[in-house]
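Colleague: Pasting a structure below so you can have a look.
The values are calculated or read from the model by the stated rules, or taken from the named source; none is laboratory data. Please read all numbers here as calculations on a predicted model, not as lab measurements. When we count neighbours, we look across all protein chains shown, and the Cβ atoms used for this are built from the backbone with ideal geometry, even at glycine.
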Amino acid sequence: MKVMQIFASPSWGGGEQYVYDLSVNLIKCGHEVNFFSRKSSVIDKKISSINTTCQHLPFRGILDIYSIIKLALFLRNNPLDVIHIHCFKVMSTVILAKILSRSKAKIVMTRHLIKEGKNNILYRWCYRHLDQIIFVSKICQNTFLNSVTNFPRTISSVVYNSIPVVEDGHLNSESIRKKCGIKEDCPLIFFVGRVVREKGIEEVIKALASVRDKDFYLIVIGQGKDSYLKQLKKLLIEKKLASRVLFLGYTDHARQLIKEADIGVAPSICQESFGLTVAEFMQAGKCVITTNNGAQCEFVDHGKSGWLVNPGDVGGLSYALRKLMDDDQMRLKLGTHAKNYFDESLAYNHFYNNIIQVYQNRIAG
């Protein structure tokens, strides 16, 4: 197959990682992949690692004649089977370019957000030209379909997101325990992701303040604005936890470091459209505490493959942390069930095969 992947944003996030991982596997399986994005040094750098290039367009919407014509010329000169887009904002550009070029490529959209759809004339026209829309969870699908009048549900499907198997590799550093002199029997609690208010990091700190009598370290992997990090460090001082929290910042080796975790926490206040961090902990066989207001409750079975709490519930989070720190066997049980479920239902080969099936069905139909 010949596939075009269009990145949704010039920055790097979960949606861009989704495109990258999918494309790497498509290329490994002998398919041809072309990339388009807004101008982005970070995307160019990532794409260069798979020995190909990414072409840039402004993607400013339906009035962006330049992007429409440039894309139409590419489609006319390079026949494709599938155009896979990942953001509604580029939908009209792609559709107009396809019409102008008379391309026979099928347009597949992945919806990465929990968000109601728009019902204006332009969007309703765009919806009619989609060949398939993929949602990364049922809550994404239901939120969208229940908000859009007369959307053709037959072209919608749910394909749960996933993450590829992590190669062990060799980190050029000691383990976190050895590097920081942390005892082997001291539980390591990992928070992985953007260090922002909506991810629930403040609730983690407040919950840990209630279990200060326990021995633990909180490991924070991810980036945040300096102003917010200062705010968090002030809160840590107030809660007398400053010496028990390590901020490691962003690293490409987060999934490898997760293997050192005893407990994962992902207590987002916002609704997660899927929750890749939760999946990372499950893939690694780690027990994870997360919230029940997004897609997490579609694949985390409370008390069996993880622990669910209400968003913002510091007391519930504190109870879960204490219980899991006290009970090694429960941690092992939850982590084992989580890994088994991930391997059986969420492994990357399931995701990839489902995406390929969507492509093939659209091409054949």
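Colleague: When the residues of region 1-23 are narrowed to those that are at pLDDT 95 or above and surrounded by fewer than 16 Cβ atoms within 10 Å (Cβ to Cβ), which ends up farthest from G224 (Cα to Cα)?
Modeller: Out of the qualifying residues, it is M1.
Colleague: Checking the conditions here, which among G200, G193 is in contact with a Pro (Cβ under 6 Å, 6 or more places away or on another chain) and under 19 Å from G264 (Cβ atoms)?
Modeller: G200
Colleague: Filter region 179-191 down to the residues that are under 30 Å from the mean Cα position of the chain (by Cα) and over 12 Å from A261 (Cα atoms) and list them by number.
Modeller: K179, C180, listed by residue number.
Colleague: Condition check: touching a residue at least 60 places away in the same chain (Cβ under 8 Å) and of a type in the set (A, V, I, L, M, F, W, C). Does I62 satisfy that?
Modeller: Criteria met by I62.
Colleague: Please state which one of E116, E32 is at pLDDT 95 or above, surrounded by fewer than 18 Cβ atoms within 10 Å (Cβ to Cβ) and farther than 18 Å from Y20 by Cα.
Modeller: E116
Colleague: Yes or no: S137 hydroxyl-bearing (S, T, Y) and surrounded by 21 or more Cβ atoms within 10 Å (Cβ to Cβ)? Spell out how you get there, then give the answer.
Modeller: Details: hydroxyl-bearing (S, T, Y): yes; surrounded by 21 or more Cβ atoms within 10 Å (Cβ to Cβ): yes.
Considered against the rule, which asks whether it is hydroxyl-bearing (S, T, Y) and surrounded by 21 or more Cβ atoms within 10 Å (Cβ to Cβ), S137 comes out as yes.
Colleague: Taking the options V245, V265, name whichever one is in the same structural domain as V196 (by TED's automatic domain parsing), closer than 16 Å to K199 by Cα and among the aliphatic types (A, V, I, L, M).
Modeller: On the way: V245 fails: closer than 16 Å to K199 by Cα.
Testing whether each residue is in the same structural domain as V196 (by TED's automatic domain parsing), closer than 16 Å to K199 by Cα and among the aliphatic types (A, V, I, L, M) leaves just V265.
Colleague: Here's another thing I want to ask about it. Identify the single condition in (1) in contact (Cβ under 8 Å) with a residue 24 or more places away in the chain; (2) among the hydroxyl-bearing types (S, T, Y); (3) part of a helix (DSSP H, G or I) that S227 does not satisfy, given that it satisfies every other one.
Modeller: (1)
Colleague: Separate question: Only one residue in T110, T93, T52 is of a type in the set (S, T, Y) and surrounded by fewer than 21 Cβ atoms within 10 Å (Cβ to Cβ). Which one?
Modeller: Working: T110 fails: surrounded by fewer than 21 Cβ atoms within 10 Å (Cβ to Cβ); T93 fails: surrounded by fewer than 21 Cβ atoms within 10 Å (Cβ to Cβ).
Exactly one residue qualifies, and that residue is T52.
Colleague: Could you say whether any residue in region 239-246 is in contact with a helix residue (DSSP H, G or I) (Cβ under 9 Å, 6 or more places away or on another chain), modelled with pLDDT of 95 or more and closer than 22 Å to V166 by Cβ?
Modeller: Within region 239-246, one or more residues are in contact with a helix residue (DSSP H, G or I) (Cβ under 9 Å, 6 or more places away or on another chain), modelled with pLDDT of 95 or more and closer than 22 Å to V166 by Cβ.
Colleague: Separate question: For region 74-108, give me the residue count where each residue is in a helix (DSSP H, G or I) and β-branched (V, I, T).
Modeller: Going through region 74-108 one residue at a time, the tally reaches 5.
Colleague: Can you tell me how many residues within region 32-50 are touching a strand residue (DSSP E or B) at 6+ places or on another chain (Cβ under 6 Å) and part of a loop (DSSP other than H, G, I, E, B)?
Modeller: Within region 32-50, residues that are touching a strand residue (DSSP E or B) at 6+ places or on another chain (Cβ under 6 Å) and part of a loop (DSSP other than H, G, I, E, B) number 1.
Colleague: Given the structure, is S40 within 18 Å of K89 (Cα to Cα), polar (S, T, N, Q) and over 16 Å from the mean Cα position of the chain (by Cα)?
Modeller: yes
Colleague: Filter region 322-345 for residues that are within 30 Å of I85 (Cα to Cα) and in contact with a helix residue (DSSP H, G or I) (Cβ under 6 Å, 6 or more places away or on another chain) and give the result. Let's see the steps before the verdict.
Modeller: Let us first name the residues in region 322-345 that are within 30 Å of I85 (Cα to Cα), namely 341-345.
Once the filter is applied, which keeps residues that are within 30 Å of I85 (Cα to Cα) and in contact with a helix residue (DSSP H, G or I) (Cβ under 6 Å, 6 or more places away or on another chain), region 322-345 yields only F342.
Colleague: Kindly indicate whether Q357 is polar (S, T, N, Q), in a helix (DSSP H, G or I) and outside the structural domain of F281 (by TED's automatic domain parsing).
Modeller: Numbers: polar (S, T, N, Q): yes; in a helix (DSSP H, G or I): yes; outside the structural domain of F281 (by TED's automatic domain parsing): yes.
Here the answer is yes, as Q357 does meet what is asked.
Colleague: A further question on this structure: Among the listed residues I219, I182, I205, identify the single one that is more than 25 Å from F351 (Cα to Cα), crowded, with 18+ Cβ neighbours inside 10 Å and modelled with pLDDT under 95.
Modeller: Details: I219 fails: modelled with pLDDT under 95; I205 fails: modelled with pLDDT under 95.
Of the residues listed, the single one that is more than 25 Å from F351 (Cα to Cα), crowded, with 18+ Cβ neighbours inside 10 Å and modelled with pLDDT under 95 is I182.
Colleague: I would also like to ask the following. For region 300-336, give me each residue that is under 16 Å from F274 (Cα atoms) and surrounded by fewer than 21 Cβ atoms within 10 Å (Cβ to Cβ).
Modeller: Hits for region 300-336 are D301, L308, P311.
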